[in-house]
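Following: one structure in structure tokens, then a few remarks.
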Amino acid sequence: MNTVVRCGQLFTGADDEARAGEVLVYDEDGGLRYVGPEANAPRRAKADRVIDHSGGFVMPGLIDVHTHLAYGNAKSEEDIDLYSPMEFRTLRGMFFAQKVAAAGYTAICSPGDAGQISLSIRNAINAGLFDGPRVVAAGPYITTHQGLTDWYPTWIGAPSTSIGKLVTNINEAVEEVRWQVKNGVDCIKLALDGIQRRPDGELIAAFTQDETDIIVRETHRMGKKAIAHAVGREATLYAARAGVDLIFHGFDLDDECIAAMLRTGSVLCPTLTHPKNLIEFTQPHEPAAQKGRVEQTEKRYREGVARLKKAVAAGVPFLTGTDTGFAITPYGEWHAKELELFVADLGFSPAAAMRAATEVNARFMGDHIGVLEKGRAADFIVWDGSPLADIHLLQDKRRLRAVYIAGKEYKMADRPYDPRRVTDFALSNWTDLYTQARVAELRAGQRRLAAE
């Protein structure tokens, strides 16, 4: 039995325009057999079913390559690592993965989590135990002393429940790669940024170039993709030279970094949403504001965007991801804001931003998704209105008519939860959970005060 989907407008992800009067045809396994004009579609059998979305805008399911399923909308690093057992974090992560799918994101990369949390969520979904998005999963970040995720004082060390795995020499790093591969990860995350700075303010990379080369080479030898957190220039350069497949952030990159990316084929996920939300949502009374993080982030964002535009102009592929999993980037809320920022701050057209979140992201995630064409999966979403005309529409979940994963309609009741029994177990940097509804309330209150 085949399923025929009538589309009002069809954006396949393969080009910049939407087409009218076309259909999708997929089989019982959720594989697309035909995409094109209805007049040329295969003859329908009596058992075939027809789904009418002739009044909607049909497009590939969106992809977020930077969603941390273990974080739980955390308000601090301790909140991520210490105050919930990994069993609870896994159950919580499944719940939040389903929220992400309900927002139109049919696939995510979870790039670095404690233990085997994301692996377990991925495996449970793939086994059919739960409905949810497609998940590409990493294990803990590989880090070293003074590297990202080595948060705690030396007299405490790196707890086994941390999102980071501390290695103290290159042999331990290589062994960690092999251990994670044995567990079944899709990619290996390297914490390339350090936390120390030179006198001129430049971040010092956590690993040397030689160490980075060895770790990435072993990752590739084992048939896995290498990904890296790299904000600083040095870390970004080391990652690009080593051929890291996906670099996150890259805000301090320069021409040498760009040239290295183009030479080795590294791609970049700048992750604009997290810093932008920190700037826009942090309230004056919150510790993050009192620590000066807003001003620091504003400066880094402004300067980083100027640098990132050079990489865009040079032809470095850009992927979309949000660093979802923090209080300022809750699951299912702000994923599509990244596309709006690509348009507003990086100069992408709406079509290019949408292709970044579908076709370009799929080059990393797997070429069976991301484009609606014969031979790929029937992962698609339906909107009331065209995001080509208004990219902000993708953030309005009221306009999302339907979500399909492998041809099966995905439905999840919008179940409320108590965040103080889910995540808020440690010292907080923020005092609110910045959902779209909460941000609207705060802004309405500000307007009322201004009027008075």
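Among the listed pairs Lys165/Lys310; Lys99/Lys182; Lys189/Lys276, a Cα-Cα separation exceeding 31 Å is found for Lys165/Lys310.
About its Cα centre, the range 231-347 has a charge dipole of approximately 200 debye under the convention of +1 per Lys or Arg Cβ and -1 per Asp or Glu Cβ, with nothing else charged. Given the DSSP H assignment, sum -39500 (n - 2.57) over each helix run of at least 4 residues in the chain and divide by its residue total; what's the result at 222 nm in deg cm²/dmol, nearest 500? Calculated at 222 nm, the ellipticity per residue is -10000 deg cm²/dmol. With the simple model of a label 7 Å out from the Cα in the direction of the Cβ, Lys411 to Arg398 spans 2.1 nm. The distance linking the range 346-383 with the range 1-42 is 15 Å (Cα centroid to Cα centroid, whole angstrom). Amide H contacts for Arg134 (H built 1.01 Å from N in the peptide plane; partners 5 or more residues away or on another chain; cut-off under 5 Å): Ala107, Ile108. Stretching Val50 away from Val422 to a fully extended chain increases their span by 129.8 nm, per 0.36 nm per residue minus the current alpha-carbon distance.
Label-to-label distance, Gln290 versus Arg43, with points set 7 angstrom from Cα along the beta-carbon direction: 7.6 nm. One entry in [x] 1.26; [y] 1.40; [z] 0.97 is Cα Rg over 2.2 N^0.38 Å calculated from the shown coordinates; its label is [z]. Here the chain is assigned +1 on the Cβ of each Lys and Arg and -1 on the Cβ of each Asp and Glu. Its dipole about the Cα centre then comes out at about 840 debye. Once backbone amide H atoms are built at 1.01 Å from N, Thr208 has no partners under 5 Å, excluding neighbours fewer than 5 places away on the same chain. Around the amide H of Leu272, modelled in the peptide plane, lie the amide H atoms of Gly321, all under 5 Å away and 5 or more residues distant in sequence or on another chain. Modelled spin-label separation between Asp367 and Arg263, with each label point placed 7 Å from Cα along the Cα-to-Cβ direction: 2.6 nm. When the range 62-335 is described by a simple charge dipole with +1 on each Lys and Arg Cβ and -1 on each Asp and Glu Cβ, the residue from His68, Gly104, Ala288 located farthest towards its positive end is Gly104. Summing +1 for each Lys or Arg and -1 for each Asp or Glu among the other residues whose beta-carbon sits under 12 angstrom from that of Gly304 gives +3. Gap in Å between the Cα centre of the range 242-280 and the Cα centre of the range 161-223? So the two Cα centres are separated by 17 Å.
For the range 133-143, the Karplus equation 6.51 cos²θ - 1.76 cosθ + 1.60, evaluated at θ = phi - 60°, returns couplings of x, 5, 10, 9, 10, 10, x, x, 4, 8, 9 Hz by residue, with Gly and Pro reported as x. Within the shell of other residues whose beta carbon sits under 13 angstrom from the beta carbon of Arg438, the net charge comes to -3, with Lys and Arg scored +1 and Asp and Glu -1. Rounded to the nearest 5, what is the percent of antiparallel bridges among the DSSP beta bridges in the chain? Percentage antiparallel, nearest 5: 45. Projecting the Cα positions of Gly128, Gln146, Ala228 onto the charge dipole of the range 62-335 (unit charges on Cβ atoms of Lys, Arg, Asp and Glu, taken about the Cα centre) puts Gly128 furthest along the positive direction. When peptides 19-28, 91-100 are ranked by their average number of other Cβ atoms within 10 Å per residue, the highest-first order is 91-100, 19-28.
Here, each number is a calculation from the coordinates, and none is a lab measurement. Every value quoted in this text rests on a predicted model; they were computed, and no experiment measured them. All Cβ positions, even for glycine, are placed from backbone atoms using ideal geometry, and neighbour counts span all protein chains on display.
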